[in-house]
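The values are calculated or read from the model by the stated rules, or taken from the named source; none is laboratory data. Everything quoted here is computed from the prediction, not taken from an experiment. When we count neighbours, we look across all protein chains shown, and the Cβ atoms used for this are built from the backbone with ideal geometry, even at glycine. Side chains are part of the model used for accessible areas, which takes the heavy atoms of the whole protein and leaves out ligands, DNA and RNA. Shrake-Rupley method; radii C 1.70, N 1.55, O 1.52, S 1.80 Å.
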Amino acid sequence: MTTERYNIKAAEAKWQKSWSDQDVFTVKEDTSKEKYYVLEMFPYPSGRIHVGHVRNYTLGDVVARYRHALGYNVLHPMGWDAFGLPAENAAIERGEHPGKWTRENIAQMREQLKSMGLSIDWSREVATCDPDYYRHEQAMFLKFLEKGIAYRKEAVVNWDPVDNTVLANEQVIDGKGWRTGAPVERRKLNQWALKITDYAEELLEDVKKLERWPEKVRIMQENWIGKSQGLQFKWNIIGSEDQIEVYTTRPDTLFGASFVALAPDHPMSAALAGNKNGFDAFIKACQAQGTSEAAIEQAEKLGFDTGLQATHPLLGREVPIYIANFILMDYGTGAIFGVPAHDQRDFDFAKKYNLPIQQVISSAEEIDLNKESYSGAGKLINSQFLDGLEIAEAQAEIIKRCENDNSGFGVTKYRLRDWGVSRQRYWGCPIPIIYCDDCGVVPVPAAQLPVTLPEDVSFDKPGNPLAHHPSWKHVNCPSCDKPATRETDTFDTFFESSWYQFRYCDPQNDTQPIALDKADYWMPFGGGVEQYIGGVEHAVLHLLYARFFTKAMRDCGIVNTSEPFTGLFTQGMVTHETYQDEAGKWLLPSETLKNDDGTTVHVQTGKPVTVGATIKMSKSKKNVVDPEEILGTYGADAARLFILSDSPPERDLEWTESGIEGAWRYINRLHRLITENMHKLSPAGAQPAEDKATTEILRAAHATIKGVGADIDNFQMNKAVARIREFSNAIDKFLKDSAGSDTAIPREVFEILLQLIAPMMPHLAEELWHLLGHETLIYNQMWPKANEALLANDTVTIGVQVNGKVRATITMPKDADSKAFENEALAQDTVKAAI
RNA sequence: GGGCCCGUGGCGGAAUGGUAGACGCUGCAGACUUAAAAUCUGUUGUUCGUAAGAGCGUGCCGGUUCAAGUCCGGCCGGGCCCACCA
C-alpha cells in the first residue's frame, strides 16, 4: 500500500482558501444564538509578527473555534494599533511617510496572520490611523469635554530639550531622553487630560468583581489606584497667617511628630524659604535627583530648614518646618508631618538633622529606636488622651476630635492621577480643538470632523511636524470666523486602544462609534468581551484606560456597558536560549548548530558558541525565531500545536527546535494514523461491535471529549494536547492489536479525534475530515457530546496503604461497600505481610 | 520597604487530600537500510540487586490526617510587580 505523505503547505493553503471562499468566519448579530466575543490584544504594525503574537492569536483561535463548535455566535475580530512613535522614527530614518510605512506593514502582517489559519472575521478589520476610526474618537473627546470628563490643565511633563518634545515616562531612561541622551527637563505645559480620578472608586470597586481576571492583575490595578484613608489638617505657621495643609494615613502618631516638611515644588516652599541662602541650590539638587529605583535607594534624605516653626491647631505642638527632597508634590497635599519613631524615612531625616525621636506606639516585641523606626502594631503611649488605645481606635479618635474642632477632617485619597493625553507628535489622532484669541478654546464643530492629519509633512526639524506645518494649523474660528490656530498636539496612543473592542462590533458605522443595539448585543450591560487575551505587561495602563473609557462612554450615553472585558487571560512570554560567539557577539539561533556531542558551533565557521541563559526573546540578544520561517518550514498546525503543547499558557514558553520538530512529527503521525487505516473503518451508520477492545476505545473517545472540553474551558491547553495524544496512542494500539483480524474501528472514533484536534490543528482536521468522505467543513461541525453512559465506569482502582506506604492496588466494583473494600484489601499478600 | 507567584526526573510539565512523574522533549538500545535520513519497537527518577524485588524520593523543618506534592505554621531559594505614596 502506498500512502502519500501529507503535503502540509498545499493542504494549509487549500483549506485557508476554502474558509475564505465559503466566508465561514464572517459573523452577524443573531439573537437566536448566544454570543461569545473572543478578543486578543491587537498588534502594533511593526512590520512582522513575532512568536509572542503567534502564541497570543493561537490561544484566542482555539477558544474561538471551540466556542463556535459549541454553537455560540462567535465574534473574533482583528485590527491594528496603528498610531505610534516607531512610524515616525522610520520616517526620520528612511524618509518614508509614516502612513505609507504603517499601511505596508499592515498588509504584510495581515498575510502572515492569515497564514496561521486564524478564524478571524476580516470584514471587521480596523486600523486606528484610519480617519474613519479616529473621527469617532474626536467626537467622543468633545462629548467628554461637554461632560467635564476631559479638561485642560497645566501639567509637569518630561521634556526632551533636543527633540523639543514631551516624553512618556517609559521613554526616560536614567533621567535622559531615550533617543537623544539629553537630560530630561521637567516643564510645565498646557495639556489635555481625562478625569480618570473621578472614576477611581468605581474602577476600584468593579475590579474586585472581575472574577474571571487573574488575581495578580486585579491586585496590580488596586495598587495602582492606591486608595488610602487618613486625616487632612492644617498646621499654623508661627508669625504668619498662612497654614500648611498636610495629609497622613497615621494620624495616631501625631504626638510623635518632630517636624513638618513640604515638597520642593510645593507652592508655599519658595515663600517659606524666603531669601535664605542656599535655597536655590537645594531646589536644583532636588531637580537633578534621578527617579530610577537605584537613584532613590541611594538618595540621601535632604532637607532645607526654613527656620520657621509650626503648631498643631488642636494640640499646640510646636515643630520646625523643613523643605525636603523626599516629599512628593503629586501625593496627598505635598506636605507631611514627620514621625521619626514610626516611619523609616522620617527616621533617616531626623538622624541627619538631629531631630527628636519620640516613641508613641509600644509593642511587646523589642524596639530599638536608635537603629530604626517601628511601624508594627501596638498600643499608644506618650499621647495624652490616646494612651492605651489600639492604633485603629486612636486614628478614629483623633479624626473625631479634629472634625469636632473643625481643625481637620478624615479623607480618602487615591494615588491614581488624571490621564494626560496630549503628545507633541505627528503620527497620532489630532485633538479637535481650535484656539481663538477672542473666543478662547473652541471645540471643532461636529460637522467639521474628522480633523485629519496633513499628508505633506517633513521631519527634518526636531519637534512636532504639525506645529511646523506651514498651513495646517491656521484656520478660522468656528464661532467668530477670525483667524485662529488648531491644537497641534495629538492623543496618546492608548486613546485608540481604549475603545477598539466596541468598534469591532460596528466597524463601518460612519455616524457613531457604535450603534447602541450592536453594542447591546455584543457587549451588553452585564458583560463585554467574554475572553480577552494578551500580555501581562498591559496589566495596568491599557487595561485600566480601557475600563475607564468604557465607563466614560457609558456616562455619555454611547454604550450601556460598564466593564469591557469580563474574562481576561494573560499569557506568559516566549523565551529562547541565547548564543554568543568567541568575540561575545550575539548570534541568531539560525546561525548556530548543535553537534551530536552536545556542543554548539557557528553554522558557517564551525567555531564554538557559548550557550547562554534562556530569556525572553529580544532583538538585542538576537534569541529570536521568525514565525514566517517556522510557518514556512513546519506549517501553521505544527507551530500552533507546539505553542499549545508543553507549557501552561500563563507561564513562559521556551521555544526549542526539538519541540517544534516533535509537533511536526505528530502532525504527520496523525495523518498516517487516519490515511493508513481507512480500510479498517466501520461502514457509515454501522453499530459498533460490543467486544472489549471496541468498548474501551469508545470509552476513551468519550472520556477525551469531556476532558478536552474542560481543559479548554480552563485554559489548560497543554493538558488538552496531552489528552489528545493519549487518545491517539490508544487508537494506535487498538489498530495494532486488531491487525490481521477483521475487527473494525468505529468511524465515530476517528471523527471524534478530528473534531477534538480541530481548534488546535484546523487545517489537518479539515483535510482528514474531507478524506473521511465529508463534503462539509469540520469548522461547521458541532462539538461532539460525551456519552455519559459510556463514561460511567463500573469499577474503581484504588491504592491500599499500610502505615503510609502503598502495598497493593485493588480493583473493585464502584458500588461495593466499605466492608468489601476492607476485606479485599486485607486479602492481599503484600498487605498481610506489611501488617 | 510593600504586594503577588513559584520550588516535582536530564528538560517542559501531569496528579477532586487517595497508585507521584500522565503527555511530551532529550538520551540510550534495537529493527528497517549498502549507508544515512525518515519511520517503527523497547527503555529512560534514584540506590541496592544477575533477577524477582526492596529501599529512598515532590526545596528544608515541624504540624493536621488512616493517608500530604496537595492543607496549616516556620525557614531557605527563585521570579514578577509596585514603591521616598506620608
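Look at the range A:638-654: where a residue is near RNA strand B (Cβ under 7 Å from one of its atoms) and open to solvent by 10 Å² or more (accessible area, probe 1.4 Å) and a partner is basic (Lys, Arg) and in a helix (DSSP H, G or I), sitting 6+ places away or on another chain with Cβ atoms under 9 Å, you get A:645/A:725; A:648/A:719. Within the range A:681-730, the set of residues being within 42 Å of the chain's Cα centre (by Cα) and open to solvent by 50 Å² or more (accessible area, probe 1.4 Å) comprises A:699, A:706, A:713, A:714, A:716, A:719, A:722, A:723, A:725, A:726, A:729. Filtering the range A:414-426 to residues that are over 10 Å from residue A:466 (Cβ atoms) and more than 16 Å from RNA strand B (Cβ to nearest atom) leaves A:421, A:422, A:423.
Taken together, the criteria exclude residue A:312 from residues that are touching a strand residue (DSSP E or B) at 6+ places or on another chain (Cβ under 9 Å) and within 26 Å of residue A:416 (Cα to Cα).
If the condition is being open to solvent by less than 20 Å² (accessible area, probe 1.4 Å), in a helix (DSSP H, G or I) and not aliphatic (A, V, I, L, M), then the range A:528-559 contributes A:542, A:547, A:548, A:549, A:550, A:551. Only one of the listed residues (A:396, A:447) is touching a strand residue (DSSP E or B) at 6+ places or on another chain (Cβ under 9 Å) and more than 18 Å from residue A:84 (Cα to Cα). That residue is A:396. Applying the condition of being more than 26 Å from residue A:540 (Cβ to Cβ) and away from RNA strand B (no atom under 15 Å from the Cβ) to the range A:205-248 and asking which residue is surrounded by the fewest Cβ atoms within 10 Å (Cβ to Cβ) yields A:241. The set of residues in the range A:451-471 being modelled with pLDDT under 95 and within 29 Å of residue A:148 (Cβ to Cβ) consists of A:464, A:466, A:467. If you check A:585, A:607, A:621, which single one turns out to be free of Cβ contacts under 8 Å to residues at least 24 places away in the same chain, more than 10 Å from RNA strand B (Cβ to nearest atom) and either open to solvent by 60 Å² or more (accessible area, probe 1.4 Å) or on the phi > 0 side of the Ramachandran plot (or both)? Every option except A:585 fails the conditions. So is residue A:253 touching a residue at least 12 places away in the same chain (Cβ under 8 Å), within 21 Å of residue A:334 (Cβ to Cβ) and outside any strand (DSSP E or B) or not? Spelling it out, residue A:253 is indeed touching a residue at least 12 places away in the same chain (Cβ under 8 Å), within 21 Å of residue A:334 (Cβ to Cβ) and outside any strand (DSSP E or B). Is the range A:35-43 home to any residue that is part of a helix (DSSP H, G or I), closer than 19 Å to residue A:714 by Cα and acidic (Asp, Glu)? No, every residue in the range A:35-43 fails to be part of a helix (DSSP H, G or I), closer than 19 Å to residue A:714 by Cα and acidic (Asp, Glu). The criterion of at least 1 residues that are in contact (Cβ under 8 Å) with a residue 60 or more places away in the chain and under 30 Å from residue A:713 (Cα atoms) is met, among helices (runs of 4 or more DSSP H) falling completely within the range A:70-162, by A:98-114.
On the stretch given as the range A:723-758, residues that are away from RNA strand B (no atom under 14 Å from the Cβ), assigned to a helix (DSSP H, G or I) and in contact with a strand residue (DSSP E or B) (Cβ under 8 Å, 6 or more places away or on another chain) total 2.
Among residues of the range A:455-478 being open to solvent by 80 Å² or more (accessible area, probe 1.4 Å) and free of Cβ contacts under 8 Å to residues at least 60 places away in the same chain, the one that is farthest from residue A:159 (Cα to Cα) is A:476.
For the range A:321-343, check the following and say yes or no: at least one residue is within 15 Å of RNA strand B (Cβ to nearest atom), more than 25 Å from residue A:268 (Cβ to Cβ) and part of a strand (DSSP E or B). No, the range A:321-343 contains no residue that is within 15 Å of RNA strand B (Cβ to nearest atom), more than 25 Å from residue A:268 (Cβ to Cβ) and part of a strand (DSSP E or B). Entry remark, the range A:656-680: residues being more than 15 Å from RNA strand B (Cβ to nearest atom) and either open to solvent by 60 Å² or more (accessible area, probe 1.4 Å) or modelled with pLDDT of 90 or more (or both) number 2 in total.
Scanning the range A:493-507 for residues that are open to solvent by 10 Å² or more (accessible area, probe 1.4 Å) and either touching a residue at least 40 places away in the same chain (Cβ under 8 Å) or under 16 Å from the mean Cα position of the chain (by Cα) (or both) gives A:493, A:494, A:507. Scanning the range A:113-128 for residues that are of a type outside the set (A, V, I, L, M) and out of contact with any helix residue (DSSP H, G or I) (no Cβ under 6 Å at 6 or more places or on another chain) returns A:114, A:121, A:122, A:123, A:124, A:125. Right, residue A:387: open to solvent by 70 Å² or more (accessible area, probe 1.4 Å) and more than 44 Å from the chain's Cα centre (by Cα) or not? So residue A:387 fits the description; yes.
Residues checked against (1) surrounded by fewer than 12 Cβ atoms within 10 Å (Cβ to Cβ); (2) modelled with pLDDT of 95 or more:
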| residue | (1), (2) |
| --- | --- |
| A:732 | no, no |
| A:756 | no, yes |
| A:760 | no, yes |
| A:778 | no, yes |
| A:783 | no, yes |
| A:797 | yes, no |
| A:815 | yes, no |
| A:832 | no, no |
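Only residues that are touching a strand residue (DSSP E or B) at 6+ places or on another chain (Cβ under 6 Å) and hydroxyl-bearing (Ser, Thr, Tyr) were counted in the range A:567-616, giving 7. Residues in the range A:332-359 that are surrounded by 22 or more Cβ atoms within 10 Å (Cβ to Cβ) and farther than 30 Å from residue A:197 by Cβ: A:340, A:341, A:347, A:350. Being surrounded by 14 or more Cβ atoms within 10 Å (Cβ to Cβ), within 25 Å of residue A:370 (Cα to Cα) and either modelled with pLDDT under 90 or within 11 Å of RNA strand B (Cβ to nearest atom) (or both) narrows it down to one of A:285, A:261, A:270, so name that one. Checking each option against the conditions leaves just A:261.
Screening A:705, A:697 for residues that are hydrophobic (A, V, I, L, M, F, W, C) and within 16 Å of RNA strand B (Cβ to nearest atom) leaves exactly one candidate, A:697.
Residue-wise test of (1) over 30 Å from residue A:636 (Cα atoms); (2) open to solvent by 60 Å² or more (accessible area, probe 1.4 Å); (3) touching a Cys at 6+ places or on another chain (Cβ under 7 Å); (4) modelled with pLDDT of 80 or more.
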site: A:82; (1), (2), (3), (4): no, no, yes, yes
site: A:114; (1), (2), (3), (4): no, yes, no, yes
site: A:146; (1), (2), (3), (4): yes, yes, no, yes
site: A:157; (1), (2), (3), (4): yes, no, no, no
site: A:170; (1), (2), (3), (4): yes, yes, no, no
site: A:178; (1), (2), (3), (4): yes, yes, no, no
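Within the range A:344-389, the set of residues being closer than 19 Å to residue A:321 by Cβ, without any contact (Cβ under 8 Å) to a residue 40 or more places away in the chain and more than 15 Å from RNA strand B (Cβ to nearest atom) comprises A:354 only.
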